[in-house]
2 protein chains.
Amino acid sequence: MSIRKEKKAQTRSALLNAALQLVKEGGNFATISIREIAKQAGIVPTAFYRHFKDTNELGLNLVDELSACLRQLVRSTREESTSNSKIINNTVHVLDEYIQNHRELFMFMTQGRTGGTPEIRKAIRNELNVFSLEIVSDLAQQQSFPAMNSAQLKMVTDLLVSTITYSTTDLLDLQENTVLKTERLTLLKQQFRVIALGAAEWRTQ
Amino acid sequence: MSIRKEKKAQTRSALLNAALQLVKEGGNFATISIREIAKQAGIVPTAFYRHFKDTNELGLNLVDELSACLRQLVRSTREESTSNSKIINNTVHVLDEYIQNHRELFMFMTQGRTGGTPEIRKAIRNELNVFSLEIVSDLAQQQSFPAMNSAQLKMVTDLLVSTITYSTTDLLDLQENTVLKTERLTLLKQQFRVIALGAAEWRTQ
DNA sequence: ATATTCAGTGAACGCCTGAAGACTGAAAGA
DNA sequence: TCTTTCAGTCTTCAGGCGTTCACTGAATAT
């Protein structure tokens, strides 16, 4: 890559990271201004426009980062799930790790899904759907619920994704290594078990 | 009530409704300004301070309105649930009705839970917990899951509330009387069934 | 009847915002 | 080598923001 393109890519990345940093520091993405982002990225406000039309466009690019993160999360969970009995515990453990290490992205996700622009809401909804479909694919391959057809598996997996997303909001507000945090993770594991039991019992119609 | 106090209460109510109206019109509560709210309420910006210190304090009062709404929702669902077989369909139907008729409040709830100030997030989390506890009380009384102790019932009900909250965000973005909307309601009903099946199968440890 | 209270007014403040436009200087291309 | 491209700079603008303060006038209290 040419020097110019490389430097541009660097600044662009700095802008995306700046926005995430501001979200991480407690800001709501919807309230973050172009000037704040530029300042955090170490450039002048007007240079922002060389990369994005507005914060909405930047947000859509953050959804792409989120997409990559969720994809990696699915892969990590798949690789981690060796023993079939502890699959729930492993999944929750990996999820917790990802939420901690990508706090900013998950905060952006939960905020954006409910309070973003219509475009951003749609993009995140779409990413969560892809996320769900990838899990469906894995569950189908592992024959976790052999009695279910793919539509039924999707319905159950959507419930899993719903539960994960809701729990993420709670987990993001709990400090590490506290009783409350541990209890919340235990709750999530139990809820996964309920869903798994229900899915195993599912009979058509 | 004296004339003065009555008029003050009216203006206060107008401010709360103005904020909700702005949320309903697509604004994110976090981005709504004092001046916008005052304008929508038909008063001068500075008069806002006669009622609330800032938008955060107003938001906390909106949580109280949300609280009342959720309480009423529980009551309506309880009264509606006559036939035990159709309880899930009735519950989803009542929920859908409430989301339609109190759009603004549910939008405020989903936005505030993920993107509000720490105070508002906490207040909404608390309301949802109370909501869950009320449902637990109902389920216990109806002996829906006789094998479960109250802690287990709470765990399952939290899953129900999680599912409701997540679905609410989706439902708020879908137009009435469309295929997608109907499908989303069907999905929710099926997920309720999975949870109910799982809860019935739950064995300790 | 007179004095006090107080919800709502209106002007003013300094600050931050998104955006437009002319400019700079190093990299890319001829 | 000379010209062009273009990411980033600097200045400037109008407009919205939260907040202050002195004020008004009707409701209340004495």
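The values are calculated or read from the model by the stated rules, or taken from the named source; none is laboratory data. Since we're looking at a predicted model, the values are computed, not measured. Please note: Cβ atoms are built from the backbone with ideal geometry, for glycine as well, and neighbour counts cover all protein chains shown. The accessibility values were calculated without ligands, DNA or RNA, using every heavy atom of the protein model including side chains. Shrake-Rupley method; radii C 1.70, N 1.55, O 1.52, S 1.80 Å.
Things to note:
- The Kirkwood radius of the range B:102-180, taken over pairs of alpha-carbon atoms, gives through the Stokes-Einstein law at 10 °C and 1.306 mPa s a diffusion coefficient of 114 µm² s⁻¹.
- Taking B:S33, A:S81 and ordering them by how much accessible surface each has at a 1.4 Å probe, largest first, produces B:S33, A:S81.
- Shown for A:R203: label points 7 Å from Cα along the beta-carbon vector, and their distances to the equivalent points in the other copies, 1.9 nm in ascending order.
- Dividing the alpha-carbon radius of gyration of the range A:1-52 by the rule-of-thumb value 2.2 N^0.38 Å gives 1.15.
- Set of aspartates and glutamates near B:K181 by C-alpha distance (under 12 Å), chain-local residues within fewer than 8 positions excluded: B:D96, B:D170, B:D173
- Mean-position separation - Cα centroids, the range B:18-50 and the range A:6-38, in angstrom: 28 Å
- Cα-projected label distance for B:R203 with B:Q72, points at 7 Å along beta-carbon direction, nm: 4.6 nm
- Per residue, in Å², the accessible surface of the range A:58-205 once ligands and nucleic acids are set aside, probe 1.4 Å: 46 Å²
- Accessible area of B:K7 (1.4 Å probe, protein heavy atoms only, ligands and nucleic acids ignored): about 130 Å².
- Local charge for A:L153 was computed over the other residues whose Cβ lies under 13 Å away, with Lys and Arg +1 and Asp and Glu -1, and equals -2.
- The mean number of partner chain beta-carbon atoms within 10 angstrom of a residue's beta-carbon across peptide A:166-177 is 3.
- Pairwise burial A:B, computed as accessible area of each alone minus the pair, summed, 1.4 Å, Å²: 3300 Å²
- Here the 3J(HN,Hα) profile of the range A:130-136, calculated from phi with Karplus coefficients 6.51, -1.76 and 1.60 at θ = phi - 60°, is 4, 3, 4, 4, 5, 5, 4 Hz, Gly and Pro shown as x.
- Listed residues A:D158, A:D64 arranged by accessible area, highest first, probe 1.4 Å: A:D64, A:D158
- Surface share of carbon and sulfur [accessible, 1.4 angstrom probe, percent] for the range B:1-52: 49 percent
- Label point at B:K7 placed 7 Å out along Cα→Cβ; residues across the range B:47-82 whose backbone nitrogen lies under 20 Å: B:47-52
- When only alpha carbons are used to place a centre, the range A:108-147 and the range B:104-163 end up 23 Å from one another.
- Cα gyration tensor category, rounded, prolate or oblate, for the range B:54-201 with a/c compared to 1.5: oblate
- Axis-nearest residue of A (beta carbon) for the A-onto-B rotation, whole Å: A:G198, 2
- Peptide B:118-131 has a mean of 1 when you count, residue by residue, the C-beta atoms of other protein chains within 10 Å of its C-beta.
- Flagged links, alpha-carbon separation over 22 Å, of A:K8/A:K122; B:K122/B:K154; A:K7/A:K122: A:K8/A:K122; A:K7/A:K122
- Once the Cα atoms are used to define both axes, helix A:179-201 deviates from the longest principal axis of chain A by about 50 degrees.
- Inter-copy label distances at B:N84, shortest first and taken from points set 7 Å along Cα to Cβ: 3.5 nm.
- FRET E, pair A:S33, A:S85, Förster distance 60 Å, beta-carbon r, rounded to 0.05: 0.75
- Solvent accessible area, Å² - B:R203, 1.4 Å probe, full protein context: 130 Å²
- In degrees, nearest ten, helix A:103-115 long axis to first principal axis of chain A (Cα): 90 degrees
- For the range B:54-201, size of Cβ-based charge dipole, Lys and Arg +1, Asp and Glu -1, in debye: 420 debye
- Between copies, the label points of B:R50, set 7 Å from Cα on the Cα→Cβ line, lie 5.2 nm apart, reported in increasing order to one decimal in nanometres.
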